[in-house]
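Below you'll find the structure, written out as structure tokens, and then a few comments.
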Amino acid sequence: MSVDVRPFPELVDADRAGLDPPYDHFDYVGTRLRAPKEPLVIIPSTLTELTGPAYGESTVDPRDADLTRQHAGQPLGERMVLSGRVLGSDGKPLRGQLVEIWQANAAGRYAHEVDDHDAPLDPNFSGAGRCLTDDEGRYRFVTVKPGAYPWKNHTNAWRPNHIHFSVFGRALTERLVTQMYFPGDPLFPYDPIFNSVRDPKARERMISMFDLGLTEPEWALGFRWDIVVGGKDATPLEEPHDD
């Protein structure tokens, strides 16, 4: 049995045809094995799912948002400031949302035991951070630009530079997971994950923008990327959906 648990109530009613990737995207080899073979069974949320488990705001430290200061030394790579807003389908900011990111280091390797890519690990970079959105729905991270890496999906396959995002609402079922990309990446035409989002305009919403206003002189480039939950301008989900 396949279960469909949709994150954020707004995403249930939104018309997301062509927005989110299908469960079985032929060019993305991994989906051929894990895509559901039977119709999904939608299980209504109960009080248990809607009220917990939940994170505690007291466990989120302001230092969690600066991935360059989590170790004794500075990580290698192109330092960057990444900021944006989390918005509802009505364009209003969503405050107090837990935003989490995880990414490869500047050489294109994750600090994870299953990543055996022949690229160096950085002892000063773990590649994960989190923060809470403020009253304007704004988040802000300091990190380094992740490198591209091979992933064996097809001949000479490389993932574009990207950062994984999770937006966590007020309960376990309220979670959106997606990926953010960088402008002008030459790997876009060759990446089946990026292109599994069939709507070209939706793919554009997955790409951040260089922002001179966020750029800090002689220190770090700035990139801006907003996340929209639900509605016609919604940010595509990373997890595929049924057609």
Candidate residues Glu238, Glu204, Glu113: accessible-area rank, largest first, probe 1.4 Å: Glu113, Glu204, Glu238
Accessible surface of Trp151 - all protein chains present, 1.4 Å probe, nearest 10 Å²: 50 Å²
Area of Val142 that stays accessible when all protein chains are in place (1.4 Å probe, Å², to 10): 10 Å²
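Using 0.36 nm per residue, how much length does the chain from Glu38 to Glu218 gain when fully extended, once their Cα-Cα distance is taken away?
Length gained, Glu38 through Glu218: 59.3 nm.
The values are calculated or read from the model by the stated rules, or taken from the named source; none is laboratory data. Remember, predicted model here, so these are calculated numbers, not experimental data. When the accessible area is computed, the model is the full protein with side chains, heavy atoms only, and any ligands, DNA or RNA have been set aside. Shrake-Rupley method; radii C 1.70, N 1.55, O 1.52, S 1.80 Å.
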